[in-house]
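Structure first, then comments.
The values are calculated or read from the model by the stated rules, or taken from the named source; none is laboratory data. Keep in mind that what you see is a predicted model, and the values were worked out from it rather than measured. Backbone-built Cβ (ideal geometry, glycine too); neighbour counts: all protein chains shown. In case anyone asks, the SASA skips ligands and DNA or RNA and just uses the protein heavy atoms, side chains included. Shrake-Rupley method; radii C 1.70, N 1.55, O 1.52, S 1.80 Å.
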There are 4 protein chains.
Amino acid sequence: MNARRRSADRTETIMQTALDLAREVGYAKLSMEAVATRAGVGKDTIYRRWPSKALLFLDAVLSSRITGLEHPDTGDIVADLREVMIRAVDLLAQPPWGPLYQELIGEAQHNPEVAAALNERFIQPQTADTLARLKTAEEQGQLAPEFDLDLAFEVLSGPLYFRLLITHQPMTPDYIDRLLQAVFAGMGPQPQS
Amino acid sequence: MNARRRSADRTETIMQTALDLAREVGYAKLSMEAVATRAGVGKDTIYRRWPSKALLFLDAVLSSRITGLEHPDTGDIVADLREVMIRAVDLLAQPPWGPLYQELIGEAQHNPEVAAALNERFIQPQTADTLARLKTAEEQGQLAPEFDLDLAFEVLSGPLYFRLLITHQPMTPDYIDRLLQAVFAGMGPQPQS
Amino acid sequence: MNARRRSADRTETIMQTALDLAREVGYAKLSMEAVATRAGVGKDTIYRRWPSKALLFLDAVLSSRITGLEHPDTGDIVADLREVMIRAVDLLAQPPWGPLYQELIGEAQHNPEVAAALNERFIQPQTADTLARLKTAEEQGQLAPEFDLDLAFEVLSGPLYFRLLITHQPMTPDYIDRLLQAVFAGMGPQPQS
Amino acid sequence: MNARRRSADRTETIMQTALDLAREVGYAKLSMEAVATRAGVGKDTIYRRWPSKALLFLDAVLSSRITGLEHPDTGDIVADLREVMIRAVDLLAQPPWGPLYQELIGEAQHNPEVAAALNERFIQPQTADTLARLKTAEEQGQLAPEFDLDLAFEVLSGPLYFRLLITHQPMTPDYIDRLLQAVFAGMGPQPQS
DNA sequence: TGGTAAACGAGACGGTACGTCGAGTCTTAGG
DNA sequence: CCTAAGACTCGACGTACCGTCTCGTTTACCA
């Protein structure tokens with residue numbers, strides 16, 4: 001089948017090589033030249049597929065099947081949220097995903113294309129999945145009726161991102177429990193009137 | 001103490017120039033050569049003071065007096081938190097601070113020195129200030145007695161960082177109100193058992 | 001033989017530019033950056049071809065066809081030597097060759113590679129050509145039978161180099177005549193036995 | 001006379017240090033910074049005495065007493081010339097004088113001040129001394145009456161400079177003998193008419 | 001003999017160029 | 001036409017010295 005002269009084969013090889021190299025030296029020191037050489041591929045073959053180093057990297061990271069972040073539905077919303085948060089945090093805890101994801105977000109800070117693609121391909125699906133699960137819970141009366149559902153993903157994941165990106169404190173299961181506890185219970189002294 | 005012969009004059013000029021240029025072209029495209037040229041300074045004069053572009057930039061951003069982020073104490077903890085959050089968000093909303101702060105955090109993702117310095121010089125003081133204000137509120141019974149105070153800064157600012165860095169959605173006063181409401185009221189359906 | 005993909009085109013352009021610049025500002029003030037800029041070429045493209053400014057300069061000077069320094073054979077050895085010496089001196093008298101050749105030799109004084117290349121590519125062929133012509137003359141009995149032929153080139157050109165490099169006195173046709181006269185006649189009071 | 005507050009002491013130290021360093025790394029890699037540091041002297045202290053690196057070097061080389069190049073007068077002009085040539089060549093043969101003198105002449109090729117100073121301070125006295133000795137010999141009838149005395153220094157030393165600067169062939173006593181023999185006997189076949 | 005101006009060490013300074021590196025584009029030869 | 005290879009332009013890197021210019025601090029003259 002030579003009609004498809006951009007063989008999917010090479011696309012895969014390149015992404016895998018990019019990922020391997022990124023693990024070894026980090027995104028910042030990743031060079032297209034090194035990727036091309038190690039993949040045994042001409043630089044043009046890479047640029048024919050991705051317009052820049054950043055977008056190759058993004059593609060490589062996001063395509064490397066990060067699975068298991070869909071919400072289960074056991075009927076217990078807190079347990080289900082906890083489950084997904086734990087899984088996410090486990091993923092980020094074990095190399096290379098934490099550093100790679102960090103660097104990807106770092107790159108997004110001065111590269112609107114990366115920022116947009118990251119949102120579209122990762123953040124929004126994740127948000128939507130969480131929202132769907134929360135909707136179900138709401139219908140089952142497991143949430144405060146007046147709670148601002150659209151905010152929920154941000155309130156729950158915001159602190160995780162804050163630790164990942166800013167303070168680099170560990171995100172332990174215990175931390176997640178405290179976080180869920182705090183967010184579900186609220187800071188206020190009593191049921192607000 | 002003969003080490004201190006570097007004129008504060010130049011130090012100031014360089015940081016200001018770096019800041020100006022960063023506003024114009026962004027941190028990513030900021031070059032030491034451009035800073036040196038525009039500041040009318042030799043490159044060595046810069047490298048004598050900062051070991052890298054990243055640390056110059058950090059210094060420039062953090063030294064450019066960002067003030068007004070200390071917590072007032074009007075006796076109303078929610079109002080006081082709101083006040084500071086509004087001010088922070090106003091700062092980030094108006095150029096150049098938002099983009100610069102974003103890029104600074106972006107750089108921190110692959111530069112441990114920047115990450116450490118950012119934490120020490122900006123995040124930790126900010127956290128401590130918030131915590132102090134919350135302690136006062138707690139003593140005055142304005143908070144749920146069991147609330148996890150150490151988490152509070154993360155829970156409140158996490159979502160803001162999430163918007164700033166990830167989704168780039170606007171952080172309006174209304175959004176802050178919704179956030180405070182959600183966090184104070186909690187997600188749970190009733191007085192928790 | 002894939003090594004040869006460097007376009008001869010660029011090679012030529014670079015040497016010509018180097019030569020032009022050297023004429024304008026001299027070798028000492030010649031900079032690789034200036035050559036690259038004026039030639040519209042990346043610095044690497046230069047460094048890929050020549051390992052140093054010195055060797056580029058040498059190549060540029062020696063490649064810029066200096067012709068007409070081969071010995072004629074009119075049958076009169078003195079006239080033929082005179083002819084070549086006059087031509088050499090004319091070449092050096094008119095800019096830019098004099099200064100360029102001087103500076104090239106200057107560079108050779110602290111750069112063995114330049115010294116070696118200069119010898120191989122210019123001095124030795126010149127010496128050999130002179131020696132050949134002298135051999136012919138000898139066979140024709142135009143030279144003292146016991147004269148040290150291997151010395152001849154040095155005895156005749158040495159004084160020219162001395163003037164070129166050390167005293168910078170002019171090398172006029174008259175001077176050449178005096179030199180030939182002196183060397184052919186000898187300093188001694190009479191025919192040595 | 002307070003003008004003279006520059007201690008001769010330091011002047012001497014600096015020249016000696018320059019010379020030492022030049023021996024170690026060569027003139028080309030000699031840096032004023034290194035001279036200053038090793039001499040334990042501020043850079044200004046050097047620049048107060050010499051206007052440039054080149055002139056410091058010249059001064060250092062020429063001041064380091066090169067003696068014994070004056071012509072003796074034993075009555076035998078050939079023997080006397082030979083004596084001085086041998087001594088000169090011995091000096092240049094043993095490090096560091098050969099390389100240093102070469103580099104000095106190299107520098108003179110693009111530095112008129114050095115060239116001028118070198119001529120005035122070294123070449124001209126040397127020439128004058130030789131000429132004086134030749135004059136005596138002429139009066140004593142040891143030279144061909146019509147020989148061009150002004151040329152003599154050039155004819156004799158030219159070949160030596162040629163070897164020193166261009167071909168780097170050794171200048172042995174034997175070579176000097178051959179040179180003297182050739183120059184005194186002349187290249188021509190007979191007593192010239 | 002103490003006061004003061006120069007010479008001094010130290011090294012910061014504005015500049016210029018170095019040689020290296022990598023991004024992204026372009027060229028060549030082969031299949 | 002797509003590919004591997006790698007040359008190309010461009011621009012920035014961080015370094016090294018140049019020769020100049022402050023800084024205090026000796027020194028050594030002279031008042």
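Roughly speaking, to the nearest percent, how much of the protein assembly as shown's 1.4 Å accessible area is carbon and sulfur?
Carbon and sulfur atoms account for 52 percent of the accessible area of the protein assembly as shown.
Run lengths n ≥ 4 of DSSP H only: what is the helix-derived mean residue ellipticity at 222 nm for the protein assembly as shown, with -39500 (n - 2.57) per run over all residues, to the nearest 500?
Working: 40 runs with 482 residues, N = 772.
So the calculated ellipticity at 222 nm is -19500 deg cm²/dmol.
Taking 2.2 N^0.38 Å as the expected size of a compact globular protein, what ratio does the Cα radius of gyration of region A:49-99 give against it, to two decimals?
Scaled against compact globular proteins, the figure is 1.48.
Please go through region B:6-37 and write out the trypsin sites (Lys or Arg not before Pro) that DSSP classes as loop and that have at most 16 other C-beta atoms within 10 Å.
When the trypsin sites (Lys or Arg not before Pro) of region B:6-37 are filtered for loop state and at most 16 Cβ neighbours within 10 Å, B:ARG6, B:LYS29 remain.
Please compute, for the alpha-carbon atoms of region C:1-127, the extent along each of the three principal axes and give them in descending order in Å.
Here the Cα extents, ordered largest to smallest, are 52, 37, 26 Å.
If you count only protein heavy atoms with a 1.4 Å probe, what accessible area per residue comes out for region D:8-89, rounded to a whole Å²?
47 Å²
Which chain A residue puts its Cβ closest to the axis that rotates A onto D, and at what distance in whole Å?
A:LYS29, 16
Using a 10 Å Cβ count of at most 16 others and DSSP loop calls, identify the longest part of chain D lacking such GluC sites (Glu not before Pro).
Details: sites that count: D:GLU70, D:GLU146.
Excluding the exposed sites themselves, the longest stretch runs over D:71-145.
Just to check I understand the Karplus step: with θ = phi - 60° and J = 6.51 cos²θ - 1.76 cosθ + 1.60, what whole-Hz values come out for region D:149-164, glycine and proline as x?
Karplus values, whole Hz, x for Gly and Pro: 4, 4, 7, 4, 4, 5, 5, 7, 8, x, x, 5, 4, 4, 5, 5.
Can you give the Rg to Rh ratio of the protein assembly as shown, both from alpha-carbon atoms, with Rh computed by the Kirkwood formula?
Over the Cα atoms of the protein assembly as shown, Rg/Rh equals 1.22.
Can you compute 3J(HN,Hα) from phi for each residue in region D:102-116, using the Karplus curve 6.51 cos²θ - 1.76 cosθ + 1.60 with θ = phi - 60°, rounded to whole Hz and x for Gly and Pro?
Karplus values, whole Hz, x for Gly and Pro: 4, 5, 5, 5, x, 4, 4, 5, 10, 9, x, 5, 5, 4, 4.
For region A:8-63, restrict the atom set to alpha-carbon positions and state the Rg and Dmax in Å.
Both quantities, over Cα of region A:8-63: 9.6, 26 Å.
Which of A:TYR27, A:TYR175, A:TYR101 moves the most in a Gaussian network model of chain A with Cα springs under 10 Å?
A:TYR175
Taking chain A as a Gaussian network, Cα atoms linked when under 10 Å apart, which of A:ALA108, A:ALA88, A:ALA116 shows the biggest mean-square fluctuation?
Taking springs between Cα atoms under 10 Å, the residue moving most is A:ALA116.
Just to be sure I follow: if Rg is taken over the C-alpha atoms of region C:77-185 and Rh is the Kirkwood radius over the same atoms, what is Rg/Rh?
0.98
Check cross-link reach from C:LYS29 to the aspartates and glutamates: straight Cα distance under 15 Å, and skip same-chain residues fewer than eight apart.
C:ASP20, C:GLU103, C:GLU107, D:GLU107
Pick from B:GLY40, B:GLY68, B:GLY141 the residue whose mean-square fluctuation is largest in a GNM of chain B, springs joining Cα atoms under 10 Å.
B:GLY141
For the interface of chains C and D, what total accessible area is buried with a 1.4 Å probe, rounded to the nearest 100 Å²? Could the numbers behind the result be given before it?
Numbers: alone 11290 and 11260 Å², together 18220 Å².
Roughly 4300 Å².
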